Amino acid sequence: MIRLEPRPQPSILWTYASPALALAITVFVAVFIFIAFGKDPVRGLSIFFWEPIKSPYALTELILKATPLMVIALGLILSFRANVWNIGAEGQFLLGAIVAGGLAVWVTENQIATQRWAFAPIVLLAGAVGGALWASIAALCKDKFNANEILVTLMLVYVANLLLSYLVFGPWKDPKGFNFPQSIRFSDDTLLPRLFATGRAHVGFALSILLSALMWIFMFRMLRGYQLQVGGIAPLAARYAGFSSRGALWTALLVSGAFAGMAGAMEVAGPMGQLTPYVSNGYGFTAIIVAFVGRLHPVGVVFAAFLLSMFLIGGELSQSRLGLPSALSGVFQGLLLFALLTCDTLVNNRIRWVGAKKSEAHA
C-alpha cells in the first residue's frame, strides 16, 4: 500500500525547480501526443517553442499575448496568497473590457478630441473600475452571506458573457457592420500607444512590468501585504494579531478584479479596437495556471505568462499548419498544471510503501 508522508524539510531547490520539471514532463508527453496524431514531434514542438520567438514580429505577438495574462495573474497571486479564491477573473476581464469599450465608443461617436497618451490612463482606469465593481459583488456575497467566493465569481463569468453579448448584439451593435455582432471601430486616438514602431504590442506591456515590481514591493516590503499573506496562511493567528479578515477579503477581491478589468481594457483598446463577443481568449482562466506556474510570485508570473503565451500561439499555429485541433493548447495547459501539482506533492511529501499487516495495524 502506498502512503504519502510529509517531509520534515522540503527541498528549497526543488520547490523552485518544480515548474521546470513540470514543463519537461509536459514536453515529454507532448511528443507522444504528436506521434498519436501522426505528426512529426520535432515539427510540432518547434511550432510551440520556436515559432513564437523566431523573429521580431513573432516576439511582439508573444508580448501581446503575455500582457493580459501577466496583469490578471498579478492580481490573482495576491488573492490566492490571502486565501481568497477568485476563480472568476474571466468575468472581471470582460467587465473591464465592457466599461473601457463603452467609454471608447462614447468618445468615438461624439467625436470628442483626445490624444492617445492622455486617453490611455483614463481607459485603463475605467477598465480597472469595471473589474473591481464586478469582483465587489462576490466580496459582498462572501462578507454578508458567507457565500462561497469560488462559486460566485465563477457564475458571474456567465453573467458577464451574456451582458457582453446583449450589448454587441443590441444597443452597441455597429449599424454599418453588415449585421456582425460588434461595436463600431474605436477612433485611433482612443487606442493604446504602440510599444514599438512595428507590431501590435502596446504600452500595456511596460505597465505590466511596472505592476509586477509594485506588487513585489507591496507583498514583501509593506505591512499591508504581509497582513494579507498571514491571514491566508494562518487565519487564527492573523485574527489574534488584530489583522482584519474582512479587510483582507475586500482588498484581495477588489485588487484582483481591478487588475483583470485593466487587462480587459488593454485588450479592447489595444489589438482589437472594438467590442466583440470574442474579446477574451480565455485569459482569465489561463491566468490561474500562470499564477501557479509562477509560484504565486510577481517575478515568476512574468516568466510563466510568456510560457503560457507560447502555448496559446502554438495552439493557433498547429491548427493552421499541422491540421491539429485548436484545443491542443488547452491540453498542454492542463498537462502543465497537472504535472506541476504532482511535482509539488512529491516535493512536500515522500512515498512510503506500507505492508498489508502494518497498514491494518495503523488503521
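The values are calculated or read from the model by the stated rules, or taken from the named source; none is laboratory data. What you see is a predicted model; the values in this text were computed from it and never measured. Positions of Cβ are generated from backbone atoms using ideal geometry, with glycine treated the same way; all protein chains shown enter the neighbour counts.
For MET266, which of the numbered conditions (1) closer than 27 Å to PHE186 by Cβ; (2) aliphatic (A, V, I, L, M); (3) over 18 Å from the mean Cα position of the chain (by Cα) fails to hold?
Condition not satisfied by MET266: (3).
From the set of residues in the stretch 308-327 that are part of a helix (DSSP H, G or I), of a type outside the set (Val, Ile, Thr) and surrounded by fewer than 23 Cβ atoms within 10 Å (Cβ to Cβ), which is modelled with the highest pLDDT?
Ranking the qualifying residues of the stretch 308-327, first place goes to MET310.
Only one of ILE25, ILE12 is modelled with pLDDT of 95 or more and of a type in the set (Val, Ile, Thr). Can you tell me which?
Exactly one residue qualifies, and that residue is ILE25.
Name the residue, out of ASN161, ASN148, that is more than 18 Å from the chain's Cα centre (by Cα), surrounded by fewer than 19 Cβ atoms within 10 Å (Cβ to Cβ) and among the polar types (S, T, N, Q).
Criteria check complete, one pass: ASN148.
For the stretch 164-182, name all the residues that are under 25 Å from the mean Cα position of the chain (by Cα) and of a type in the set (S, T, N, Q).
Scanning the stretch 164-182 gives SER165, GLN182.
Residue-by-condition table, conditions (1) part of a helix (DSSP H, G or I); (2) closer than 20 Å to GLN92 by Cα; (3) touching a strand residue (DSSP E or B) at 6+ places or on another chain (Cβ under 6 Å); (4) among the polar types (S, T, N, Q):
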| position | (1), (2), (3), (4) |
| --- | --- |
| ALA269 | yes, yes, no, no |
| ASN281 | no, yes, no, yes |
| GLY284 | yes, yes, no, no |
| ALA304 | yes, no, no, no |
| GLY330 | yes, no, no, no |
| GLY334 | yes, no, no, no |
| LEU341 | yes, no, no, no |
| ASP344 | yes, no, no, no |
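Could you list, in sequence order, all residues of the stretch 188-201 that are within 21 Å of ALA113 (Cα to Cα) and not hydroxyl-bearing (Ser, Thr, Tyr)?
Taking the stretch 188-201 and keeping what is within 21 Å of ALA113 (Cα to Cα), we get 188-194.
The answer is ASP188, ASP189, LEU191, LEU192, PRO193, ARG194.
For the condition closer than 22 Å to ALA22 by Cα, under 12 Å from the mean Cα position of the chain (by Cα) and of a type outside the set (Val, Ile, Thr), what is the one hit in GLY330, GLY294?
GLY294
Among the candidates VAL290, VAL268, VAL299, which residue alone is at pLDDT 95 or above, in contact with a helix residue (DSSP H, G or I) (Cβ under 7 Å, 6 or more places away or on another chain) and exposed (fewer than 15 other Cβ atoms within 10 Å of the Cβ)? Don't jump to the end; show me each part of the working.
Numbers: VAL290 fails: exposed (fewer than 15 other Cβ atoms within 10 Å of the Cβ); VAL268 fails: exposed (fewer than 15 other Cβ atoms within 10 Å of the Cβ).
After applying the criteria, what remains is VAL299.
Starting from residues that are in contact (Cβ under 8 Å) with a residue 24 or more places away in the chain and not aliphatic (A, V, I, L, M), keep the ones in the stretch 112-131 and report whichever is farthest from ASP189 (Cα to Cα).
Out of the qualifying residues, it is GLY131.
Is there a residue in the stretch 104-122 that is among the polar types (S, T, N, Q), surrounded by 23 or more Cβ atoms within 10 Å (Cβ to Cβ) and over 23 Å from the mean Cα position of the chain (by Cα)? Walk me through it before giving the result.
So the first thing to find is which residues in the stretch 104-122 are among the polar types (S, T, N, Q), and the list is 108, 110-111, 114-115.
Going one step further and asking which of them are surrounded by 23 or more Cβ atoms within 10 Å (Cβ to Cβ), we end up with none.
Looking through the stretch 104-122, none of the residues is among the polar types (S, T, N, Q), surrounded by 23 or more Cβ atoms within 10 Å (Cβ to Cβ) and over 23 Å from the mean Cα position of the chain (by Cα).
Could we say that GLY282 is within 21 Å of the chain's Cα centre (by Cα) and either at negative phi or crowded, with 19+ Cβ neighbours inside 10 Å (or both) here? Give the derivation first.
On the way: within 21 Å of the chain's Cα centre (by Cα): yes; either at negative phi or crowded, with 19+ Cβ neighbours inside 10 Å (or both): no.
Spelling it out, it is not the case that GLY282 is within 21 Å of the chain's Cα centre (by Cα) and either at negative phi or crowded, with 19+ Cβ neighbours inside 10 Å (or both).
Mind counting the residues in the stretch 207-229 that are more than 20 Å from the chain's Cα centre (by Cα), surrounded by fewer than 18 Cβ atoms within 10 Å (Cβ to Cβ), part of a helix (DSSP H, G or I) and not aromatic (Phe, Trp, Tyr)?
Going through the stretch 207-229 one residue at a time, the tally reaches 4.
Any residue at all in the stretch 20-34 that is surrounded by fewer than 15 Cβ atoms within 10 Å (Cβ to Cβ) and more than 21 Å from ALA304 (Cβ to Cβ)?
yes
Restricting attention to the stretch 104-112, does a residue exist that is within 22 Å of PHE303 (Cα to Cα), out of contact with any helix residue (DSSP H, G or I) (no Cβ under 6 Å at 6 or more places or on another chain) and either among the hydrophobic types (A, V, I, L, M, F, W, C) or at pLDDT 95 or above (or both)? Full working, then the answer.
Restricting attention to the stretch 104-112, the residues satisfying the condition of being within 22 Å of PHE303 (Cα to Cα) are none.
No, because not a single residue in the stretch 104-112 is within 22 Å of PHE303 (Cα to Cα), out of contact with any helix residue (DSSP H, G or I) (no Cβ under 6 Å at 6 or more places or on another chain) and either among the hydrophobic types (A, V, I, L, M, F, W, C) or at pLDDT 95 or above (or both).
Do we find that PHE243 is surrounded by fewer than 17 Cβ atoms within 10 Å (Cβ to Cβ) and either free of Cβ contacts under 8 Å to residues at least 24 places away in the same chain or touching a Phe, Trp or Tyr at 6+ places or on another chain (Cβ under 8 Å) (or both) in this structure?
The answer is no for PHE243.
Which residues, counting only those in the stretch 141-187, are more than 21 Å from ILE112 (Cβ to Cβ), among the hydrophobic types (A, V, I, L, M, F, W, C) and not in a helix (DSSP H, G or I)?
Matches in the stretch 141-187: ALA147, PHE178, PHE180.
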